[in-house]
1. Hey, can you find the accessible area per residue of the stretch 196-272 for me, probe 1.4 Å, expressed in square angstrom?
2. I'd like to compare 183-195, 227-239: which one has the highest average count of other Cβ atoms within 10 Å, and what's the full order after that?
3. What full-extension length gain, to one decimal in nm, is calculated for Phe200 and Thr261 as 0.36 nm per residue of separation minus the Cα-Cα distance?
4. Take the cross-link list Lys113/Lys240; Lys130/Lys223; Lys113/Lys209; Lys124/Lys242; Lys130/Lys201 and give me the ones stretching past 26 Å between alpha-carbons.
5. Roughly speaking, to the nearest percent, how much of the stretch 112-240's 1.4 Å accessible area is carbon and sulfur?
6. Can you pull a Stokes-Einstein diffusion coefficient for the stretch 113-190 at 20 °C (1.002 mPa s), Rh from Kirkwood over Cα pairs, as a whole number of µm²/s?
7. Starting with the highest mean, order 162-171, 242-251 by the number of other Cβ atoms within 10 Å, averaged over the residues of each peptide.
8. For the stretch 113-190, with every protein chain kept in place, what is the accessible area per residue (1.4 Å probe, Å²)?
Amino acid sequence: MAEALGVVAESLAGDRARAARTVLDQVVLPGEELLLPEQEDAEGPGGAGERPLRLNAGTRSRGRVVCGPGLRRCGDRLLVTKCGRLRHKEPGGSSGGGVYWVDSQQKRYVPVKGDHVIGIVTAKSGDIFKVDVGGSEPASLSYLAFEGATKRNRPNVQVGDLIYGQFVVANKDMEPEMVCIDSCGRASGMGVIGQDGLLFKVTLGLIRKLLAPDCEILQEVGKLYPLEIVFGMNGRIWVKAKTIQQTLILANILEACEHMTADQRKQIFSRLAES
């Protein structure tokens, strides 16, 4: 099935190859072929012109190009697999390359190793907890994957509890596995989330927007009420304020911010601050 899809994508991309630099922040469609500039020492950055990027081991290039979500390697080609806007992040150095990915507004979460997510404990199976993370199948969480947990000192985790953790195994051929400790064995804010508060779901694009370093939404929200908030890369947000009314107001604001402009947000925040 996967090979058949690859053949179809190749046939669709044959007549629609476009240079990646000319379509940055523009909408790309599944099946399109991206042409990236080869960085060759002889002619300088971009001197080789726009041509299909050679992804095989025999290619010697100055810059390393990383393919992110929404892009797929198919032989020596780089094909688009999702509909969305093409994004690019420059590398730290000046050697060219960088990271290319497709930013799409999807609600279905696909587990990725290292992602911090919010899950719901659905069952206990021996020494393993089954956690719903919004993917195609539940993730497994060992009772030893908590800070200070031993065979005698088991964590107090019940069915229905909210878990904030990260993936250590996320493979399409294996069951995803979560832990609530970092590489040093410390919780670092992970574990069972408190019983109070409100859990709601948003799009994955809004989560990435809120977690961006230059996001102004969280700064403006933090000025309204004292709050506790947890973001999961699987599109779930847990928020808690002093009162239920304030918690509901914050949740509605965060949900509505996805489709509001900066001026509209300022008007709403100023009204709430006055009231």
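The values are calculated or read from the model by the stated rules, or taken from the named source; none is laboratory data. From a predicted model like this one, the values you see are computed outputs, not experimental measurements. Here the Cβ is made from the backbone with ideal geometry for all residues, glycine too, and neighbour counts use every protein chain on show. When the accessible area is computed, the model is the full protein with side chains, heavy atoms only, and any ligands, DNA or RNA have been set aside. Shrake-Rupley method; radii C 1.70, N 1.55, O 1.52, S 1.80 Å.
1. 54 Å²
2. Working: 183-195: 13.2, 227-239: 20.4.
Descending packing order for the listed peptides: 227-239, 183-195.
3. Values: separation 61, 0.36 × 61 = 21.96 nm, distance 2.19 nm.
This chain segment gains 19.8 nm when fully extended.
4. Values: Lys113/Lys240 28 Å; Lys130/Lys223 37 Å; Lys113/Lys209 20 Å; Lys124/Lys242 33 Å; Lys130/Lys201 20 Å.
Correct reply: Lys113/Lys240; Lys130/Lys223; Lys124/Lys242.
5. Values: 3340 of 6750 Å².
Percent of accessible area from carbon and sulfur atoms in the stretch 112-240: 49.
6. Working: Rh = 12.5 Å.
Result for D is 172 µm²/s.
7. Values: 162-171: 19.1, 242-251: 15.0.
By packing density, highest mean first, the sequence is 162-171, 242-251.
8. Heavy-atom SASA per residue in the stretch 113-190 reads 55 Å².
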